Amino acid sequence: MFTGIVEELGTVVAVEPQGDAVRLRIHGPVVTGDAVHGASIAVNGVCLTVVEHGDGEFTADVMQETLDRSSLGALEAGSGVNLERPVTLEARLGGHLVQGHVDGTGTVLDRSPSEHWDVVRIALPDDLGRYVVEKGSITVDGISLTVVKPLDDGFTVAVIPHTAAVTTLGSKGPGAKVNLEVDVIAKYAERLLEGQLGALAAAGTPTPTTTAPTEEAR
């Protein structure tokens, strides 16, 4: 479990193809400071397992499913990546609950600079739009951000100078791919509600509606 507060902007040292997988070697002296074999590190919002580590670097294997569902397949030597270690029970939850399980990829559509921040508009897959709400949380490339406004084709977020300086989002312009993870609480709530409505339908019980009150009820 992570919080979406990026600890370090790392660098991809090497990408080693392995058939239906790749092995990434990443330079990140902060996140490898207490790394052990089998530890988890989020890379651009994707939870990966440390295979080897030393000299401020670590390697992690990325299977085909992850390559298909995220933007990690586009990484190459020299690419910058957002890095975060898992949160501990003693740590402050500075962002929101992030699993490191990418739901899909989005595309940066445009960014509008202002005096103190950039407003970035991001497109997202149609099936994720229902989880995005105004002032809700969303993870973009491992960064916990607040939704400024949900849109028909995506959403907007505000990127402050600090976030732009210490994460990959500072250099991503129109056309750039980003990993997206929606709020897990919304997904669980939807799943539980589907089960309840399904049980009511199976029992022949009318399901709740939101129809307007009749004249008599007013």
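The values are calculated or read from the model by the stated rules, or taken from the named source; none is laboratory data. This is a predicted model, so every value here is computed, not measured. Here the Cβ positions follow ideal geometry from the backbone for every residue, glycine too, while neighbour counts run over all protein chains shown.
Quick notes
- Sole residue being under 22 Å from Ser171 (Cβ atoms), among the aliphatic types (A, V, I, L, M) and in contact with a His (Cβ under 9 Å, 6 or more places away or on another chain), chosen from Val12, Val102, Val36, Val31: Val12
Yes or no, residue by residue, for (1) out of contact with any Leu (no Cβ under 8 Å at 6 or more places or on another chain); (2) modelled with pLDDT under 95; (3) exposed (fewer than 11 other Cβ atoms within 10 Å of the Cβ); (4) among the charged types (D, E, K, R):
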| site | (1), (2), (3), (4) |
| --- | --- |
| Ile138 | no, no, no, no |
| Ser144 | yes, no, no, no |
| Val147 | yes, no, no, no |
| Thr167 | no, no, no, no |
| Glu190 | yes, yes, no, yes |
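- Looking only at residues of the range 171-188 that are touching a residue at least 24 places away in the same chain (Cβ under 8 Å), of a type outside the set (A, V, I, L, M) and more than 16 Å from Gly100 (Cβ to Cβ), we find that the one that is surrounded by the most Cβ atoms within 10 Å (Cβ to Cβ) is Lys172.
- Meets criteria (outside any strand (DSSP E or B) and under 15 Å from Gly10 (Cβ atoms)) for Thr32: yes
- Near pairs, Cβ below 7 angstrom, 6+ apart or cross-chain, from the range 100-117 (closer than 15 Å to Glu181 by Cα) to any residue that is basic (Lys, Arg) and in a strand (DSSP E or B): Thr105/Lys177; Thr107/Lys177
- Note on the range 87-102: among residues that are small (Gly, Ala, Ser) and surrounded by 12 or more Cβ atoms within 10 Å (Cβ to Cβ), the one that is farthest from the chain's Cα centre (by Cα) is Gly95.
- Tally, over the range 55-75, of residues that are part of a loop (DSSP other than H, G, I, E, B) and within 20 Å of the chain's Cα centre (by Cα): 3
- Verdict on Val108 being in contact with an Asp or Glu (Cβ under 9 Å, 6 or more places away or on another chain), of a type in the set (Val, Ile, Thr) and either under 28 Å from Arg85 (Cα atoms) or modelled with pLDDT under 95 (or both): no
- Filtered residue count, the range 1-29, keeping only those that are in a loop (DSSP other than H, G, I, E, B) and either surrounded by 14 or more Cβ atoms within 10 Å (Cβ to Cβ) or not polar (S, T, N, Q) (or both): 10
- Close contacts from the range 35-64, counting a first residue that is within 16 Å of Leu83 (Cβ to Cβ) and a second that is of a type in the set (Asp, Glu) and surrounded by fewer than 21 Cβ atoms within 10 Å (Cβ to Cβ), with Cβ to Cβ under 8 Å and a gap of 6+ residues or different chains, come to Leu48/Asp61; Thr49/Asp61; Val51/Asp61; Phe58/Glu52; Thr59/Glu52.
- Residue list for the range 103-136, restricted to those being over 28 Å from Thr66 (Cβ atoms), small (Gly, Ala, Ser) and surrounded by 15 or more Cβ atoms within 10 Å (Cβ to Cβ): none
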